[in-house]
Amino acid sequence: MNAILQCFVHTPLIRNYFISGLFKNHIEKGKGETLANAMAKFVTDYELNNEPLSSLRNIKDAIDKYIPQFQGYNQHDAQEFLAMLIDKLTAELTIKISVKLSKTLSSTDSKTSSSNKTTETDEGTLNVSVMANLFSGELCSTIICPCSNNSNKKKEPFYYLSIPLPQHVIALMSIEYVFGVYMFKKRGRERDK
C-alpha cells in the first residue's frame, strides 16, 4: 500500500491534478466526502505541507472507509490495491457529457430523380474520467498462424499490463507507448489542463 501511495504522490500528472484542485470539477455535485478529497489532502499534506506522517494516517483512514477490503494492517497485494484504488477514483472522478450525434440520410425519388437529405439526431451521454485517461490503455495483439498465414487482430482494454520477465530465454518484445493529455472545454473557458 505504501509503495502505491508513494508512486501516486511522485507521479507529476496525478500530483498536479490533486494539488491544483482540478479534481473538484469532476466530482458529482452534492457527493460530500470522497476518496478523491482524501487523496487530494494526502498529496497536498505530503508534498506542500511536509506532513508525511499525519497525511499517511488520514489517507489510511480514508482507505479503510472507502475501500473496506484493505482495513487494518494485514499484508495486501500491491497490484490488487492499485486496481481497487484506480477503480474507486475512476468511479468518483467521472464526468458525464451530453452529446448529440447526427447522421445525414439521403434518398432518391425514382419518379422525379431528385434526392432528399434528412438529418437524424441521437442524444447520448459520454462518460469521461481523468483517472481512466491516465491509467488505461489498449492492448492490440495480432496472432498469425504459421501454417495458413491467417491472422487475427484483437484489441483489449487494460489498466495495468503484466510483462513476463524471461529467466533464461531472450525474447524480443516491442511495446509502443502513446501518451495523450486530454483537455475539457466548457462555455469557451479552459477547464482542465
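For this structure, a couple of remarks:
- Single residue of Thr34, Thr44 found to be β-branched (Val, Ile, Thr) and either out of contact with any helix residue (DSSP H, G or I) (no Cβ under 7 Å at 6 or more places or on another chain) or under 15 Å from Leu93 (Cβ atoms) (or both): Thr34
- Segments classed as helices (runs of 4 or more DSSP H), wholly inside region 1-86, with at least 2 members that are of a type in the set (D, E, K, R): 35-47, 52-66
- Filter result for Ser102 (polar (S, T, N, Q) and either at pLDDT 65 or above or closer than 25 Å to Ile163 by Cα (or both)): yes
- Taking the criterion of being closer than 23 Å to Ile97 by Cα and basic (Lys, Arg), the residues of region 26-52 that qualify are Lys29, Lys31.
The values are calculated or read from the model by the stated rules, or taken from the named source; none is laboratory data. Note that the coordinates shown come from a computational prediction; the quantities given were computed from them, not determined experimentally. Neighbour counts run over all protein chains shown; Cβ positions are idealised from the backbone, glycine included.
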